[in-house]
Amino acid sequence: QVQLVESGGGLIQAGGSLRLSCAASGRTFSNYDMAWFRQAPGKEREFVATINWSGSMAKYADSVVGRFAISRDNAKNTVYLEMRSLQSDDTAVYYCAAGGSYRNTTERGYTYWGQGTQVTVSS
């Protein structure tokens, strides 16, 4: 079992930046590739970014390329999502996930999920 707890969400003006964190506990964090997904009101949950166990490989949704960066600190059992140039379309609940391969960008590919953190971008 892996427990995931997201933090760092909030209300931010368009064009601003925010960093989300996801703290993991339970099994060895460095064994897991990690991912971020998000779900906007009335929409399905969608892929945002993934990172492999060592941090050497990452994938991004087209909509966030160049604006978001995923990273991890295995010593702190934490994965991060640095978000810049935020837009109203980025408003969503952001979830971190584990238990899948970083090559997998689908929701069903991941076993463990956090409770989510709300990001609201005001225009």
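Bear in mind that the values in this text are calculations on the coordinates, not laboratory data. Keep in mind it's a predicted model, so treat the numbers as computed, not measured. All Cβ positions, glycine included, derive from the backbone under ideal geometry; neighbour counts span all protein chains shown.
Segment 89-123 and segment 1-57 have Cα centres lying 6 Å from one another.
For Thr120 and Val5, a Förster radius of 30 Å and the Cβ-Cβ distance give a FRET efficiency of 0.95, rounded to the nearest 0.05. Contact order, relative form, for the chain: 36 percent (alpha carbon pairs under 8 Å, 6 or more residues apart, mean separation divided by residue count). Kirkwood radius and radius of gyration were both taken over the C-alpha atoms of segment 21-123, and their ratio Rg/Rh is 0.94.
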